[in-house]
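Mind looking over this structure? Questions follow.
Computed from the coordinates by the stated procedures, all read-outs in this text should not be read as laboratory data. These numbers were taken from a predicted model, which means no experiment stands behind them. Neighbour counts are summed over all protein chains in view; Cβ atoms, including those assigned to glycine, are modelled from backbone coordinates with ideal geometry.
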Amino acid sequence: MTQYPMTAHGAEMLRAELQELKSVKRPEIITAIAEAREHGDLKENAEYHAAREQQSFCEGRIQDIEGKLSNAQIIDVTKMENTGKIIFGTTVTLINCETDDEITYKIVGDDEADIKNNLISVNSPIARGLIGKMVDDVANIQTPKGVVEFEVIEVQYI
């Protein structure tokens, strides 16, 4: 059975989405299907087919979330001692050695990853290159533009 690493915040977000799907979306879709059935011939009823497709997507997402939560390995770094080592769940501040640009990433599970919010998947090339490093270590990360050198300047367990 595959374990899905996830932060406590990520697990809470999945639980909230699951609750929303079960208590709000599912009843809305059932109502839409019932209304579409009242319009008559189901073969040529686009509203009915659209509602059924939406129902299929919703039920699939519910099963996906339930499966991930049942196999979740929830890791809360706030309850761990800060050893300064980069692990799953840590927030890392880096400096690009070439450009001197500073960037902060939080290493999270696949479902939580959102590069726009600086949340990177533990399976991403950047995170894989950083895991195990400590403050003042230099990590060479393979990017689409080639190898980029980053220096770790801060590791937070928040």
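So which residues in segment 60-80 are touching a residue at least 12 places away in the same chain (Cβ under 8 Å) and farther than 20 Å from Asp110 by Cβ, if there are any at all? Give the steps one after another, and end with the answer.
Restricting attention to segment 60-80, the residues satisfying the condition of being touching a residue at least 12 places away in the same chain (Cβ under 8 Å) are 61-62, 65-66, 68-69, 71-78, 80.
Selection gives Thr78, Met80.
Quick test of your reading of the structure: Phe88 fulfils all but one of (1) touching a residue at least 12 places away in the same chain (Cβ under 8 Å); (2) surrounded by fewer than 18 Cβ atoms within 10 Å (Cβ to Cβ); (3) under 21 Å from Leu21 (Cα atoms). Name the failing condition by number.
All conditions are met except number (3).
Among the candidates Glu98, Glu66, Glu59, single out the residue that is over 16 Å from Ala8 (Cα atoms) and either hydrophobic (A, V, I, L, M, F, W, C) or surrounded by 13 or more Cβ atoms within 10 Å (Cβ to Cβ) (or both).
Details: Glu98 fails: either hydrophobic (A, V, I, L, M, F, W, C) or surrounded by 13 or more Cβ atoms within 10 Å (Cβ to Cβ) (or both); Glu66 fails: over 16 Å from Ala8 (Cα atoms).
Unique residue meeting the criteria: Glu59.
Follow-up question, since we're still on this one. Consider Arg61 carefully, then state whether it is within 16 Å of the chain's Cα centre (by Cα), basic (Lys, Arg) and in a helix (DSSP H, G or I). Reasoning before the result, please.
Details: within 16 Å of the chain's Cα centre (by Cα): yes; basic (Lys, Arg): yes; in a helix (DSSP H, G or I): yes.
In short, yes.
What do you reckon, is Ala127 outside any strand (DSSP E or B), out of contact with any His (no Cβ under 8 Å at 6 or more places or on another chain), more than 18 Å from Met6 (Cα to Cα) and touching a residue at least 12 places away in the same chain (Cβ under 8 Å)? Reasoning before the result, please.
On the way: outside any strand (DSSP E or B): yes; out of contact with any His (no Cβ under 8 Å at 6 or more places or on another chain): yes; more than 18 Å from Met6 (Cα to Cα): no; touching a residue at least 12 places away in the same chain (Cβ under 8 Å): yes.
The answer is no for Ala127.
Every residue in segment 10-51 that is surrounded by 16 or more Cβ atoms within 10 Å (Cβ to Cβ) and within 27 Å of Thr90 (Cβ to Cβ), please.
Residues satisfying the conditions are Gly10, Ala11, Leu14, Leu18.
Going through segment 91-118 one residue at a time, which ones are part of a loop (DSSP other than H, G, I, E, B) and in contact (Cβ under 8 Å) with a residue 24 or more places away in the chain? So that I can check it myself, show each step before the final result.
From segment 91-118, those part of a loop (DSSP other than H, G, I, E, B) are 97-101, 109-113, 118; that's our starting set.
Passing the criteria: Cys97, Glu98, Gly109, Asp110, Asp111, Glu112.
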